[in-house]
1. Tell me, which residue of the stretch 288-336 that is hydroxyl-bearing (Ser, Thr, Tyr) and under 26 Å from the mean Cα position of the chain (by Cα) is surrounded by the fewest Cβ atoms within 10 Å (Cβ to Cβ)?
2. Name the single residue, out of those in the stretch 269-287 being out of contact with any Lys or Arg (no Cβ under 9 Å at 6 or more places or on another chain) and under 24 Å from residue 119 (Cα atoms), that is least open to solvent (accessible area, probe 1.4 Å).
3. Limited to the stretch 216-268, what total is found for residues that are closer than 30 Å to residue 324 by Cα and hydroxyl-bearing (Ser, Thr, Tyr)?
4. Scan the stretch 193-212 and report the pairs whose first residue is over 16 Å from residue 157 (Cα atoms) and whose second residue is hydroxyl-bearing (Ser, Thr, Tyr) and outside any loop (DSSP other than H, G, I, E, B), with Cβ atoms within less than 9 Å and a gap of 6+ or a chain change.
5. All but one of (1) at positive phi; (2) touching a Phe, Trp or Tyr at 6+ places or on another chain (Cβ under 9 Å) hold for residue 332; which doesn't?
6. Being under 24 Å from residue 149 (Cβ atoms), in the same structural domain as residue 153 (by the TED database), open to solvent by less than 20 Å² (accessible area, probe 1.4 Å) and of a type outside the set (Ser, Thr, Tyr) is the requirement here; does residue 59 meet it?
7. Considering only the stretch 239-256, how many residues are closer than 19 Å to residue 412 by Cβ and under 23 Å from the mean Cα position of the chain (by Cα)?
8. If you check residue 360 against the conditions, is it in contact (Cβ under 8 Å) with a residue 24 or more places away in the chain, outside the structural domain of residue 308 (by the TED database) and either within 25 Å of residue 319 (Cβ to Cβ) or open to solvent by 40 Å² or more (accessible area, probe 1.4 Å) (or both)?
Amino acid sequence: MSQDCIILLTRPPVCITTDAAYRTEHQNKKMIHSLFLINCSGDIFLEKHWKSVVSQSVCDYFFEAQEKAVDVENVPPVISTPHHYLISIYRDKIFFVSVIQTEVPPLFVIEFLHRVADTFQDYFGECSETAIKDNVVIVYELLEEMLDNGFPLATESNILKELIKPPTILRSVVNSITGSSNVGDTLPTGQLSNIPWRRAGVKYTNNEAYFDVIEEIDAIIDKSGSTVFAEIQGVIDSCIKLSGMPDLSLSFMNPRLLDDVSFHPCIRFKRWESERVLSFIPPDGNFRLISYRVSSQNLVAIPVYVKHMISFKENSSSGRFDVTIGPKQNMGKTVEGVVMTVHMPKAVLNMNLTASQGSYTFDPVTKVLTWDVGKITPQKLPNLKGIVNLQSGAPKPEENPSLNIQFKIQQLAISGLKVNRLDMYGEKYKPFKGVKYITKAGKFQSLGSRIVLG
């Protein structure tokens, strides 16, 4: 057997693959050349390079785009520079900025960066700057396995966990004494399987399958409150802890309302096309089963409404601020975790407001008003009103400020999507099954006053 064949058996490509001709043509032009992790303060706290080092100065183009953006979510995901492309995502207060030297499909890179963030979350319990710094050795080991010569290699969690053991206190003590590492000694069992997302020989004392249906609402309404545009972005996140090799079928009460469905590789697409049933052998642990969109106007209910009156008087150094938030089409569920954030005009000096519920703060430096409302009860709607003081001699603001509102509704999928049943084949035990529904605010825009929920 040739040496090339031995190398292939040791580290075969997994999950995300690339065309052989494309790899040959671009051997010297890696898909991802370097990766920088940047915090909200603009500090580069980790960098990884494949082959040659790219100077940190390339991130100056990213910092320029960041300064121009209104908020972190508005930073362009693709930035062109004279010699590179910068493709980035923002996750958990961290920018993942990849450096590309040749044109590649941007969504391919963005998906890989999300896989990296998901892997950190799975390994360390959180994808934060502190967790990454505390486990920097494992981070570099993971990046080395996930990307081979600039191309994605092993991205499935179960395979990575056999290659590189997750950190534990006991393992850290043993490694410090013996000088060993977290890298495994054997080839992962799933790496040569036709089901690479699931490892063999999985055993649990308690067999459980949990599904979280999470939906976010994006909408545009006009001044009268009528919906101009509305859609729902949804995902089904799964936590599967089942022994053996179970074969699952998940059915819905009303699957036809789903548009633009994106599937995990484990799902049998032909079964979905013919029967609208999700049939799959699941990965072990946490994973995203599907993501979907509901775009039909008559199927999108707006769960909250905002009555507002923000005005500034001509030739006056003051204005009025009056905002009321109330529930609307929430199917009897409680709207909770409501927080309103307003980026006031630069001419605003301070604000003297009265909140009927919760508390508010105003930062005179950043001009950001934050109102922590909490739960909304229909009997007494939360209201925030008062006086806005402008700087002496400052011109009247040309447009009203935007309102960013966060909220959450437990045990409700606002689209009306409901899981009908979950059937299991191939194993004789009876697992415990559970489904949880959550609705969150996406981006909600009101024409004329630019009210944004997010």
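The values are calculated or read from the model by the stated rules, or taken from the named source; none is laboratory data. Predicted, not measured: the structure shown is a model, and the values here were computed from it. Reconstructed Cβ throughout: ideal geometry from the backbone, glycine too, with neighbour counts over all protein chains shown. These area figures cover heavy atoms from the full protein model, side chains too; ligands, DNA and RNA do not enter into them. Shrake-Rupley method; radii C 1.70, N 1.55, O 1.52, S 1.80 Å.
1. 296
2. 287
3. Here the count works out to 3.
4. As it stands, the answer is 209/238; 210/238; 211/238; 212/238; 212/437, since those pairs meet every condition given.
5. Of (1) at positive phi; (2) touching a Phe, Trp or Tyr at 6+ places or on another chain (Cβ under 9 Å), only one is false for residue 332: (2).
6. yes
7. Qualifying residue count, the stretch 239-256: 0.
8. The answer is no for residue 360.
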